[in-house]
Structures are given as C-alpha cells and as structure tokens.
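Here is the structure we will look at, set down as structure tokens.
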Amino acid sequence: MLAFPIIISVAPTVTGGCDPVVLPKRGLQTGPQGAVCRCNESACDFIAPLGQVPKAGYVAYATSLQIATERLSRSEGLLEPTPTTSATHLVTVDPTQHFQTMKGFGAAFTDAATLGYNTLTPAAQANLLRSYWGEGGLRYSIGRIPIGASDFSTSVYSYNDEQFASPGVEDVNLTHFSVEIDEELGKLPLIRSAQELASTAAHTAVGAIAFTSVNSAPGLSFFGSCWAPPPWMTTKNTTLNAELRDQPGGPIHQAYARYLSRFISEYAKKGVDVWAITGGNEPAGNTGKWQDLKFTAAGQRDFIKTDLGPMLAKNNPSCELMILDDQRVHLPDWADTVLGDPEAAKYVQGIGVHWYAATEDTFPFWRSMTSAHDKHPDVYILGTEACEGFLPWSQGPFPGDWERGERYALDVINDANNWASGWTDWNFCLDLSGGPNWAGNICDAPILVGTEHSERAAPGSVSVFYKQPMFYYFGHIAAFVAPGATRLGVSSTASGLLGSALISAAFLTPDGTLVVVVVMNRDGSAHEAAIGVPKGFLNVQLPPHSIRTYVVAL
C-alpha cells in the first residue's frame, strides 16, 4: 500500500474552482478513479449561484469522471419542443404527481469528524464549514448527533458513567449526568459553528432555492442516536452486544429513557435544539466489536410505549421519535410490530433506515421501504446512516473512487423514489486512514483531511483537505433539494435486469416555481437522453460515469 500524501497533479481541462489531484490507490482499490479536489487555507471550490433560470431554458450542474475539473460545474441550455431522435433514453417528469415532502440531507457530527476538523487551521476549517453548510456548499440541513460515544470515538464513554449516586444507591435519577465531554472534545462548538453558518446562509442557498430546517426555523435540524447506555445499565456491564437490565417499566428501563431525555434537555441548554431522536442505533445488532444496545422489534415497541414515549411526552414534547435506525431489510416487519400497537404508535413519527445490508442493492431492498410506507403512510422514512469503505475486503478510504460516489447517488435517489424524506451520511470528514475509530471499524468519507492520524496531530496543524467523488455525487441532490421540496413523478425508458445504468429523480422546490431533475449515468459509455419537463425537452448528452442536476422553471 502506498502511503499518503503522494500526489499526482492533473492539469485542468476546463476552468473551475476544483484543484484536481490524483492520490495513490489504497488496498484493493481497482475501480475507476477520478481526481479529488484539493482545498487549503486560501482556495476551495464552491457551487456557482443558480441565478435566473431562463424561461425557455435550464440551468445544469455537471460532474463527470472524464473531466477532472467538472465538479458541480454550472452551465445553461435551451429547451426544445420535441425530443431528439437520437436519444437512447427518455426521462419524463410528471409535475402533477406529488409524493413525499422532503426533510433534508446531511451527515453526522461524530467524534472522529470533530477530531479531523480540529486538526485543520482556522482558514481551512472555514472552507470546510462553508463546503457543507455555507453559501456555495452542499447546504446540509440535517445533522445526526451520537448520544455519547460511537465506534468513531477514541474511547468508550457515556454521559453518566458513575453508577452510584451514593454508596449502594444506583444513580437511576442521573445526578452525575453531564454533556461537558462534548464541549471538551470540541463537538458542541463545531455543531454550533455549523448551525450558525447554516442559519446565516439559509435563504441564499444556490440562487432562488431557499433552505429552512424541518421545524421551519432557518438552519440545521438535529437528531440524536445512542449506541449504548452507561455500562452499569446493561445485563453484563458492557456496551458490546448489550441488553438493558430489568423489564419495561422497571427502574433501569426508566433510567435509560431518562438518559435519552436528558440529552435533549442538556443540549438545548447548550444552544442546540434536538428535533428528533431514534430509539437507538442498530438495535437488531452489529458485529459485536463496538457499542450496541440490542432490542427486538417487540422489545423496542414495549420500551417506547412504557418508558421512552411517556418520558419524551412529559419532558421533551416537541421532540420527535424515529424507530428502527437500522438496515432497511428489516422493513416492513419491524414497523408492523412497533406501529401495530396503538399505544406505541402514538409516540412515533418516523422510521430510520441504514444501507449496510445491501449497499449495492443487487436485490431491490428499496421496495421494502415502499411496503412500509404503504402500510404506515403517516410515518415518514429517513435515511439515518450510510458510508462506504466498511466491508472487510475494501475497508477504509479509496481516494477518488468513482463507484463509491455513484453508489451514494444510487442509494439517495432510490431511497427518495421509495418514500424516504431524506438521507444522512455518516462521518462528514475523516483522516486519511479512515478514522479514528477505537474498534478499528474504519471507513471512507466524502472529505478526507490531510493527515493519517488526526488523534495524534496537533490542533490547527493541517492546512489541506480533499473532496472525494462522494462529496459531489451527494451534492447533486443535497444542494438543490431543500427541506419542504416535494418529490415528483418521473418515468424512464431505461431498464435492466438488475437495475439501469441511468437513474433519475425529480423534485418541486418548496415555493412551487422550479423543478429539479437529477440524472445519473453509471455506464462506461455516453448516452443521449431526452428529458421531458412541462415546457419542453432537455436534449442532453450524458458522458460515461457522470451525474447531472437540471433546474427548470414551471
């Protein structure tokens, strides 16, 4: 394996903000590799403003493997009255078909992401913050907050590790509860910085596409997920393959519900309002190598209706609750079990799903989401975690890996087309080794900061970070589909036994004036496509391994 940072510069082929470099491949990386975009203290690429959309035309944003500097690059074109006869694919948008309202897109504020961010100089930090939350950035509107430690921490900790309030008396009332560790690690300051920037830029976005959070206030909406409770609340005094002591309604179940409630209340005192929490990260179980509190669907149902639901209703009535927060292959059964009980269902507003059981979805597990929606149409579905580089044979960062970017967009688009109201990336940044992660469960991220080990680097000592293809592919949706947008009907002549190389989705902006169409070509050859919109056709060529976002006026 080559060590970072060996860099091959790529001469720009078109003008643009991306400073393209090719980093050496790592491990078993063999797929198509594109340039990453290098950002430093003084230079970084940002999305050009949308501007005025021509009445008889469109604005396009483009990313492709073939052109190293084509990364969310803006251009304009004219609509035509008929589809071109040379089109191999016809994509038709139906603005009369309205589906779910979108809640937004974002990523998690993990300890690892915080450590990576903290290694950057102040000027580089400002460019990273703007890249995600500021004007010209991806305009993230959702943030996931681990409640206590996750595997992407450098140690295992909780907010109430002391078991006893006094000798022989367990601290079930959480007199030792404190979130100060999040201040000390820098996570809360980072969250507040992102929140402030997102709020300041909320109504500028890319031109006329205004962004607000899901609770109708400008900026970011946060949801919390807990990997495990304090060890003393578990049956074996461990956070690995953990289970809660006693039964629903018992003092420990009540204490854990109080623990989750206190997180919401204490974060509010820190200036961070938590819009929602989940019933727990991956309750069906993980590998057993890092924190996990296990529930069956029936166990989560009983905990919610007996402990967590009433606790939130009493102490945090404005906070919403999502169930599952685990692989979508558990749908619709998990939702049927929890939501089939009226006493549990009255506390639940959403379903959280992960992608790890079927990253490439050779078998179309997305349909399980539609099945769950059809059975429970009043409960939203939200993608709550996804990342690349987690599989044992391809673990860690694959710099510039193009297929990983395509799989991001593939999942976001198909999630949306199967009723997901948004999608949450995992770590918004990691170091070049894919960590830190105390359990060795490294992975990849859309942004890599320029150090191998951020936990060892001095704060403010790194001046460079790299934007991966995943950053741009996700940005083709996240930067243009604001909270409050509506998914529209879209059909395509593209087909295939295991899915088409050409996939698409369409959305109506919250103000009802613009249509956003996202089309991705995963094929190794170019395709001509005709995209039918209300005022005509976009006759366009889609280069090999490319993605396009088109914005047209109604």
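The values are calculated or read from the model by the stated rules, or taken from the named source; none is laboratory data. In this text the structure is predicted, and so the values were computed from the model without any measurement. We place every Cβ from the backbone using ideal geometry, glycine too, and count neighbours over all the protein chains shown. Ligands, DNA and RNA are stripped out before the accessible areas are found, and what is left, the full protein with its side chains, is counted by its heavy atoms. Shrake-Rupley method; radii C 1.70, N 1.55, O 1.52, S 1.80 Å.
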Item to check | Chain lengthening between D161 and E452 when straightened (0.36 nm per residue, less Cα-Cα) | outcome: 101.7 nm
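For the chain, what is the percent of antiparallel DSSP beta bridges, rounded to the nearest 5?
Values: 61 of 99 bridges.
The antiparallel proportion sits near 60 percent.
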Checklist entry - Helix 122-133 versus the longest principal axis of the chain: what angle, 0 to 90°, nearest 10, using Cα atoms? => result 80
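If Lys and Arg each add +1 and Asp and Glu each add -1, what is the summed charge of the other residues whose beta carbon sits under 14 Å from the beta carbon of W290? Display every interim value, and only then the final one.
Numbers: positive: K289, K294; negative: D111, D151, E282, D292, E385.
My count for the surroundings of W290 gives -3.
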Checklist entry - With each label point set 7 Å from Cα along the Cα-Cβ vector, what nm distance links K236 and R192? => result 4.0
Checklist entry - Label points 7 Å out from Cα along the Cβ direction at K25 and A123: separation in nm? => result 3.6
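Per the 1.4 Å probe, what fraction of the accessible area of the stretch 309-419, in percent, lies on carbon and sulfur atoms? Display every interim value, and only then the final one.
Working: 2030 of 3900 Å².
On the stretch 309-419, the fraction of accessible area on carbon and sulfur atoms equals 52 percent.
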Checklist outcome for this item: Once the in-chain neighbours fewer than 8 apart are removed, the aspartates and glutamates whose Cα is under 20 Å from K269 read E180, D182, E183, E184, E196, E320
Next on the checklist: Taking a ≥ b ≥ c as the square roots of the Cα gyration tensor eigenvalues, with a/c under 1.5 meaning rounded and otherwise prolate when a/b beats b/c, else oblate, which class fits the chain?
Outcome noted: prolate
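With all protein chains present and a 1.4 Å probe, how do Y159, Y356 order by accessible area, largest first?
I get Y356, Y159, largest accessible area first.
In square angstrom, what is the accessible area per residue of the stretch 236-349 with a 1.4 angstrom probe?
On the way: 4300 Å² over 114 residues.
That works out to 38 Å² for each residue.
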Item to check | Accessible area of the stretch 397-459 divided out per residue, in Å², using a probe of 1.4 angstrom | outcome: 21
Checklist outcome for this item: In deg cm²/dmol, rounded to the nearest 500, the helical mean residue ellipticity at 222 nm of the chain, built from -39500 (n - 2.57) for every DSSP H run of length 4 or more, is -6500 deg cm²/dmol
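Kindly rank 464-475, 290-301 from highest to lowest mean number of other beta carbons found within 10 Å of each residue.
464-475, 290-301
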Item to check | Overall form of the stretch 42-93 per C-alpha gyration tensor (a/c, 1.5; a/b vs b/c) | outcome: oblate
Checklist outcome for this item: Note: K270 to A357 extended length (0.36 nm per residue) minus current alpha-carbon separation gives 27.7 nm
Item to check | Charged-residue dipole, Cβ positions (Lys, Arg, Asp, Glu), the chain about Cα centre, Debye nearest 20 | outcome: 800
Next on the checklist: With angles folded into 0 to 90 degrees, how steeply does helix 251-269 sit against the dominant principal axis of the chain? Use alpha carbons for both and round to 10.
Outcome noted: 50
Checklist outcome for this item: Length gained, Q66-D511, 0.36 nm per residue minus C-alpha separation, equals 156.7 nm
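Which whole-number value in Å² is the accessible area per residue of the stretch 471-554, probe 1.4 Å?
About 27 Å² of surface per residue is accessible.
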